[in-house]
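The values are calculated or read from the model by the stated rules, or taken from the named source; none is laboratory data. The shown structure was predicted, so the numbers you read here are calculated from the model rather than taken from an experiment. Here the Cβ is made from the backbone with ideal geometry for all residues, glycine too, and neighbour counts use every protein chain on show. Keep in mind that these areas ignore ligands, DNA and RNA; they rest on the heavy atoms of the full protein, side chains included. Shrake-Rupley method; radii C 1.70, N 1.55, O 1.52, S 1.80 Å.
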Protein chains: 2
Amino acid sequence: MDTDELFAESPISDRPSSLSSSSESLYSSSCSTAVTGLPFTRVHLDSQWFGVDIGGSLVKCVYFECPVANGSSQEESLGIAEMREFLKSNRTYGSSGVRDDHLEMPSQEFGGRKGTLHFIKFATSRMSGFMNMVREYNLNDFSKVVCATGGGAFKFEDDFQERLGIALHKYDEMETLVRGVQYFCRHLPDECYYWENPKKPDLARKKVFKFDPGIYPFIIVNIGSGVSILHVTGPSQFKRIGGTSVGGGTFLGLCSLLTGCDNFQDAITLAEKGDHTKVDKMVRDIYGGDYHKLGLSGNVVASSFGHMMHKDRRDEASPADLARASLVTVTNNIGAIARMCASIVGIERVVFVGNYLCDNVLSTQMLSYAMEYWSQGSIRALFLRHEGYFGALGGMIMKLEEELATESGKEDDYKRSDSE
Amino acid sequence: MDTDELFAESPISDRPSSLSSSSESLYSSSCSTAVTGLPFTRVHLDSQWFGVDIGGSLVKCVYFECPVANGSSQEESLGIAEMREFLKSNRTYGSSGVRDDHLEMPSQEFGGRKGTLHFIKFATSRMSGFMNMVREYNLNDFSKVVCATGGGAFKFEDDFQERLGIALHKYDEMETLVRGVQYFCRHLPDECYYWENPKKPDLARKKVFKFDPGIYPFIIVNIGSGVSILHVTGPSQFKRIGGTSVGGGTFLGLCSLLTGCDNFQDAITLAEKGDHTKVDKMVRDIYGGDYHKLGLSGNVVASSFGHMMHKDRRDEASPADLARASLVTVTNNIGAIARMCASIVGIERVVFVGNYLCDNVLSTQMLSYAMEYWSQGSIRALFLRHEGYFGALGGMIMKLEEELATESGKEDDYKRSDSE
């Protein structure tokens, strides 16, 4: 299957006759013969094993791979195996879809079944193409309920229903985010890290931080297209205490306008080569040095893009400088807001998550340094390896818990009726 | 005198033989004959009657015009009168200098002398040209101490000393800001205003607010090139509780890069014609409507410049749309930070000042609406008519108080020695 077609905006007309696999599959020994040549028909998706977080820029999917449920027909089993084979034999799907195989989590247990968690994301702008594919391959034949979170769970609800006959089971994105963070931190000992010597390129090291999300309170700063800041005070107690629309979408939007690059990875790569002090007005540009009274170093940005009001400075700034300034502007502003929230409510543990931090070492180091610098070392910036997948997993867990509660209720009913 | 030359970067070589005056002068009856034809020589500037705030983008000057001190020579008196005539006969000086005659304050009293406060500003980038003019016309002949605040008081200190022989008497910009706000609000009953119906163009009205700056606490949000937020708890008790480098310099810098306009007024005029929703990703673009759970309207910006990551959207956005989005991004972000600070420390009076608000009705209305909307009506955005001159006036007042204290000390000494 040509992966460039996967999320094509127009319906896929040529159905592939076989799946090409370049990587070994868990199912290769038992399924390879059967899989090859089978079309995607009547695939049974157990909805509780998928979590989808449809954000402003990206759709994040979590998929739990486990043995096919008892009672499935051979055709269903083969269909599921074929879909798994397809997902696992690729790392990229179309122009924007990516499977983050480095984040894969084996040996996870949900509802008494053991399996592996997979993580896939693609651009929200390709949602229509994604739906075409689901319809084309009848992936919606058996799964009539899908759990979803993020704004897109609301925006695309009617489309899912009308085009695919699928009802979205919606969860609030803040709730799923908190649940997801708690799950990952509890189940992966190396999920959480911080930067040691974030400002010194030769000495900067990622260090594992033993973050127990059961010890409250803490703050979550979720950096997606925009930014939300949550104050978490209990297992399901949290409040959105701040936010800003200056987020990852702003960085990519500005970079696209100012430098012509139009994808996140190119923008990050460009920013890494730039010098933002050619673009930003620093404290030293205004004060001639440090602002001693406030303890502000001359190397602190005083006015983002402040030099750009002067034509000679604009002529001197390169695309890389502008990309770097966009990154520094967005990141510093988030850091300032996060620090304000943290210091005012007196919290020292601030967890930064969201896909803005994906492959964005610069921003994680800047946030680390900024939080430490501005709080005189009292606030530590923490990061989680599964950057943007917390909402998707949180939604899946919440759905699963509901299903299990229903099952348990049924069992109780059965027991009751049995004993009566 | 050709005002275009006033702040020329190169020394002014042709000294004018006379001043041209197109406006009536308070001194015209007594001084006009004497003034005409006199060169700017040996002008005596009493330093305490000037306050200068040298910021990242603008130099703000407050000048107190009062009768010439007893004991001044005729030549000095005429020189001072000539300079006043020049300042008052123009509203613009060079390409960036402006006298805000609509802000003029007559009948003010300082140190027992009555007079008028004048307000002048010019671009900090013209500072070198300003110094050339001061030297060319020997304005520094008698005034060896000038009180100054803002970062430029530190940055240009050596230049003032070496090029002009003037020692800058420096004051902290936060202290002078608070002092200036307190003075204006106490002495001008209509200094403070708020917007009634800020979101409804036909119904929006400026209403005078009786702001007593002697009732604490309150918050000052100073929007210059960057932004500082002060928590004021007493006459000279305050703390900087937040800030961001995304300020007026960011707005003008981004507009200059994205639209080609390179002065603040043009950028504001352009922004007034634009539609930021062509550039920003709104909550409704992500949610398909409101985000009910958080009470977020679909019309709220979710991701500033978020649409610009898509080429088709970039092609559709006009320069006016981009200018508007720059304005909305900067203003909303400031509003969000200010609101967070205010709500977390439980303060309902938030005073916005700084030259970013000059002729910027859009931003004052946006801040008004945002503060009201996000705080469910509990926080009111207040504005002051003398937008950016508080630091300059505050510095002048602080210097004057020191002088008066010294005078008082001398008198005490005299009385003591007399009685001993």
- So the A/B interface buries, both sides summed and with a 1.4 Å probe, an accessible area in Å² (nearest 100) of 4700 Å²
- Query: What is segment A:82-226 by shape, rounded, prolate or oblate, if you read a ≥ b ≥ c off the alpha carbon gyration tensor as root eigenvalues and call it rounded for a/c under 1.5, prolate for a/b larger than b/c, and oblate otherwise?
  - Reply: prolate
- Expected field for residue B:291, accessible surface area in Å² at 1.4 Å probe radius, rounded to 10, holds 10 Å²
- Task: Output the Cα-based Rg and Dmax of segment B:150-265 in Å, rounding Rg to one decimal and Dmax to a whole number.
- Result: 18.2, 55
- Leaving ligands, DNA and RNA out of it, report the carbon-plus-sulfur percent of the accessible area of segment B:291-411 at a 1.4 Å probe. 49 percent
- Item | Pairwise label distance in nanometres, residue A:163 with residue B:236, each label 7 Å out on the Cα-Cβ vector | 6.7 nm
- At a 1.4 Å probe, which residues in segment B:326-349 are at least 50 Å² less accessible with all protein chains present than in their chain isolated? B:333, B:340, B:344
- Copies of residue B:159 compared via label points 7 Å along Cα→Cβ give distances in nm, shortest first, of 5.5
- Cβ-vector label at 7 Å, residue A:359, separations to other copies in nm: 4.5
- Rank A:204, A:249, A:235 by how far each Cα sits towards the positive end of the charge dipole of segment A:188-319 (+1 on Lys, Arg Cβ; -1 on Asp, Glu Cβ) and give me just the farthest. A:235
- Message: With respect to the axis carrying B onto A, what is the closest chain B residue by Cβ position, and how many angstrom separate it from the axis?
- Response: B:344, 2
- Heavy-atom accessible surface, probe 1.4 Å, ligands and DNA/RNA ignored: which residues of segment B:145-174 lose at least 10 Å² versus the isolated chain? B:151, B:154, B:155, B:172, B:173, B:174
- Task: State, to one decimal in nm and shortest first, how far the label point of residue B:292 sits from each corresponding label point in the other identical copies (label point: 7 angstrom along Cα-to-Cβ).
- Result: 6.0
- Summarise the accessible area of segment A:54-177 (1.4 Å probe, protein heavy atoms) by the percent that is carbon and sulfur. 47 percent
- For segment B:325-400 the translational diffusion coefficient, Stokes-Einstein from a Kirkwood Rh over Cα pairs at 20 °C and viscosity 1.002 mPa s, in µm²/s, is roughly 163 µm²/s
- Note on the structure: Expected field for residue A:326, accessible surface area in Å² at 1.4 Å probe radius, rounded to 10, holds 0 Å²
- Note on the structure: Note: residue B:345 to residue B:297 extended length (0.36 nm per residue) minus current alpha-carbon separation gives 14.8 nm
- Item | Residues losing 40 Å² or more accessible surface upon assembly, segment A:274-295, compared with the chain by itself, 1.4 Å | A:286, A:287, A:291, A:293, A:294
- Expected vector for segment A:170-176, Karplus 3J(HN,Hα) from phi with 6.51, -1.76, 1.60 and θ = phi - 60°, integer Hz, x for Gly and Pro, equals 8, 10, 5, 5, 6, 4, 5
- Out of residues 5 or more away from residue A:246 or on other chains, whose amide H comes under 5 Å of its own, with H placed 1.01 Å from N in the peptide plane? A:227, B:304
- Whenever you get a sec, line up A:194, A:93 from highest to lowest accessible area (probe 1.4 Å, protein heavy atoms). A:194, A:93
- Rounded to the nearest 10 Å², what accessible area does residue B:73 show when all protein chains are kept and the probe is 1.4 Å? 50 Å²
- Task: Determine which lysines satisfy two conditions relative to residue A:200: a Cα distance under 27 Å, and not lying fewer than 8 residues away in the same chain.
- Result: A:210, A:273, A:278, A:281, A:293
- With the 1.4 Å probe rolled over protein heavy atoms, segment B:261-372 has an accessible area per residue in Å² of 34 Å²
- Task: Rounding to the nearest 20 debye, state how big the charge dipole of segment B:130-202 is about its Cα centre with +1 on each Lys and Arg Cβ and -1 on each Asp and Glu Cβ.
- Result: 60 debye
